[in-house]
Amino acid sequence: MNLLKKLFGGNTDKSEKDRLREKVRNFDVLKYEGVRALKKGQSAYALECFEKALEINPELELRDYYSQALIMNNKLRPALEQLDEMSKAQPDNILIYMRMANVAYMLEDYDVMTHACIEALRIDDNNSEANYIYARACIGKNELINALALLTKAITANEKYDSAYLLRSETLLKMGDLNSAENDAKWLAENAESSEDILLLRARIAKAKGESDIALEFYAKVIEQNPFCIDAFKERGAVKLSLGDKEGAEEDMRQVLELNPKEQNGINGEFTAEGTENIQQKVEQAYRSVDPYGIGGIGL
């Protein structure tokens, strides 16, 4: 960018006082030019401005902006490094740890995520969001009992925390506690705006309970809301197949292949080129592996 060339392009003889004054001016120009670029979505240029500014003054507020630019540029590990530096300077700033936890979640680094959540809860033990994010870290580490306790704590702190109810229901379903999972799903149905995730959850609970007709109704609602939901087509096809509706199962699998041709690897071969009997066998084989929560459900 021309601004960077203008600021750093030359090096004329100046007094120490003039150099210091210019340094301060350059820092301000770079910082606020970077902020302007960040707000306009020009994250690569913002990153360049912030890096130059940090060479002049590693200011805490600047690190905050820099971490945001790094995240926008998908430079997540460097973003964590900046957030760690910020946390050392402000160890009681919960917002730093919350951002750190969310970045670690994107990296699937559940240990860093756990550390950040523990620090956040040290500052505010009843923070509903911190408990919720900590639960997600526990789920990532397959510590489901701890996750349930944290989600319950998040809901106690915020009785209208839809996301916490949804995640708790999904976790209960994964653990095979269908009645408790359904209780949370019913709360969502009565208190939260209907969404694809909630409808898909209710379909999966019904499927796991062997309530095939109800499951099919909910899968249909998911697909009506989002005609591109691969999981809904795939799982609905499994229910249809269990009911002996092989044509319906094949139709859903064709939709899966249209939406994601890579799924053909699970069926092995060109779906439409196979004979009917061969197609049915391979569809059945593909659907045997459809069990999103690993709890069995309808046997095929």
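The values are calculated or read from the model by the stated rules, or taken from the named source; none is laboratory data. As the structure is a prediction and not an experimental result, all values here were calculated from the model. Neighbour counts are summed over all protein chains in view; Cβ atoms, including those assigned to glycine, are modelled from backbone coordinates with ideal geometry. Surface areas here come from the heavy atoms of the whole protein model, side chains and all, with no ligands, DNA or RNA. Shrake-Rupley method; radii C 1.70, N 1.55, O 1.52, S 1.80 Å.
Over the range 202-260, what percent of the accessible surface lies on carbon and sulfur atoms, probe 1.4 Å? Whole-percent figure for carbon plus sulfur exposure: 43. Each other residue within a Cβ distance under 12 Å of Lys88 adds +1 if Lys or Arg and -1 if Asp or Glu, for a net charge of -4. In the range 161-258, which chymotrypsin sites (Phe, Trp or Tyr not before Pro) fall in coil by DSSP and have 11 or fewer other Cβ atoms within 10 Å? The qualifying sites are Phe228.
Considering only protein heavy atoms and a 1.4 Å probe, what is the carbon-and-sulfur percentage of the accessible area of the range 14-154?
48
Leaving out ligands and nucleic acids, note down the accessible area per residue over the range 74-150 with a 1.4 angstrom probe, in whole Å². Walk me through the numbers on the way to the answer.
On the way: 3800 Å² over 77 residues.
Averaged over the residues of the range 74-150, the accessible area is 49 Å².
Filter the GluC sites (Glu not before Pro) in the range 105-134 to those in DSSP coil with at most 14 other Cβ atoms within 10 Å of their Cβ, and list the result. It would help to have the intermediate numbers written out before the result.
Working: sites: Glu108, Glu119, Glu129; in loops: Glu108.
Of the GluC sites (Glu not before Pro), the ones in loops of the range 105-134 whose Cβ has at most 14 other Cβ atoms within 10 Å are Glu108.
Structural descriptor for the range 123-188: relative contact order 27 percent, calculated from alpha carbon pairs under 8 angstrom and at least 6 residues apart. Pairs spanning more than 27 Å between alpha-carbon atoms, out of Lys160/Lys234; Lys141/Lys221; Lys186/Lys240; Lys153/Lys207; Lys75/Lys221; Lys153/Lys234: Lys160/Lys234; Lys141/Lys221; Lys153/Lys207; Lys75/Lys221; Lys153/Lys234.
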